[in-house]
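Just below is one structure, and these are the notes that go with it.
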Amino acid sequence: MTHSTLALLAALSCAVAAAAGAAQPGVKTEGAHVVMSLPSAVPLAAGDPVDYIHAHPHSLPVASNYSTESTQADMIGALASPAAIVRTAPVYVRGSSGDGALSPQFLGAPITATLGTAAAYDNVIAPQEAGSSNHPFSTARADAYSGTTNQTYPFRAAGKLFFTDNGDTSMCSASLIGRGLVVTAAHCVADYGLKHFYTNFRFVPGYKNGSAPYGIWSAKEVRVLSAYFNGTDTCSQRGVVCKNDVAVMVLNAQSGKYPGTSTGWYGYGYDGAGFNASGLTHVTQIGYPVCLDNGEIMERNDSQGFKSSSNANNTLIGSLMCGGSSGGPWILNFGKRPTLTETSSGSSAAANAVIGVTSWGSTSTGPKEQGAAPFLSTNVRSLVNALCSANTAACAN
């Protein structure tokens, strides 16, 4: 082999290595965060690169090393020794109901999912019902037999999150925790440990059967923890059951307004908010799982949850949901609160406060449980603070 040939191969090798390690445009590291800034002028009608009609559910991470016995031992142990639970002072941030003004758009007639038999989708569409863990839950459409619950607070503060990766459109679930502030799962915005963000994020609050009653909103900036982005997060299963599967994004304003003005937004809690001394809670999970109503209708699941020390301190609930539910909110004291007449509030009485988002699920034939990374001052609050310091209008009450 000639010297010139060796030199050419060496140059090509360096070029390939440089391309592989090259950062995405607009992506930078800021302390414990990785942030992607997106173009503010984004087409939301003609020319939109997002294929709303053919979007498929983003794969729900599945815990292949999940152990029903260990998680049940976590719950039993907590009940037996509540003093062993280390608790910091829980913190709540209030939400708002919004004014309900509509700005409807139609995304296109939904089609029946045609995912075929590809193994990659086996766990995406498999239902999470009646599992072997005996963890009770109740799942049903958010809409009752009639009506438009998706246009009623607090339901309308949740919605679908569309995005693209290499030209392919996927979807997750997400929710507003500020006037223009969205929380979802980190795995819905970036590949764990691959230092790669997805692109063209579109949040559609109150989505139902192809309709966007409050419009389509593009993301301006997206943040995750550097540990998740770089693949150094604390996980009981790498990239699946992790401490920081949480992402927050700020939306672009439209005519000076954000969706939360109409839809309202949830509050949120962290550092143990909503949990009792035994590490137990009760939450309402909202999402758009494709195994239920083809992912075209908002679904609601209610279940007791508990912190699992063997699963990176994630919260576990029983659930019927599956792929497409990723990133959907786990909400404390969900619904329109009653007026107290002959009683008083209990502890953890904050209404409509998000304390987690759907992060992963168990195998389709096993326990039928799902997990959520803990909301902490070091993840969700840190991400919110960083975004809101430069986007005060999106966070203003």
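Worth a mention:
- Within region 322-337, tally of residues that are modelled with pLDDT under 90 and open to solvent by less than 90 Å² (accessible area, probe 1.4 Å): 1
- Residue in region 302-314 that is under 17 Å from the mean Cα position of the chain (by Cα), crowded, with 24+ Cβ neighbours inside 10 Å and at pLDDT 95 or above present: yes
- Scanning region 247-261 for residues that are out of contact with any helix residue (DSSP H, G or I) (no Cβ under 8 Å at 6 or more places or on another chain) and at negative phi turns up Asn252, Gln254, Lys257, Pro259, Thr261.
- Scanning region 247-290 for residues that are small (Gly, Ala, Ser), out of contact with any Phe, Trp or Tyr (no Cβ under 7 Å at 6 or more places or on another chain) and buried (at least 24 other Cβ atoms within 10 Å of the Cβ) turns up Ala247, Gly260, Gly274, Gly287.
- When residues in region 226-246 are screened for being surrounded by 24 or more Cβ atoms within 10 Å (Cβ to Cβ), in a helix (DSSP H, G or I) and either in contact with a Leu (Cβ under 6 Å, 6 or more places away or on another chain) or of a type in the set (Ser, Thr, Tyr) (or both), 1 of them pass.
- Condition met for Asp293 (surrounded by fewer than 19 Cβ atoms within 10 Å (Cβ to Cβ) and closer than 30 Å to Ala109 by Cβ): yes
The values are calculated or read from the model by the stated rules, or taken from the named source; none is laboratory data. On a predicted model such as this, the values are computed, not experimentally measured, just so you know. Cβ coordinates were reconstructed from backbone atoms using ideal geometry, including for glycine residues, and neighbour counts include every protein chain displayed. With ligands, DNA and RNA removed, areas are computed over all heavy atoms of the protein, side chains included. Shrake-Rupley method; radii C 1.70, N 1.55, O 1.52, S 1.80 Å.
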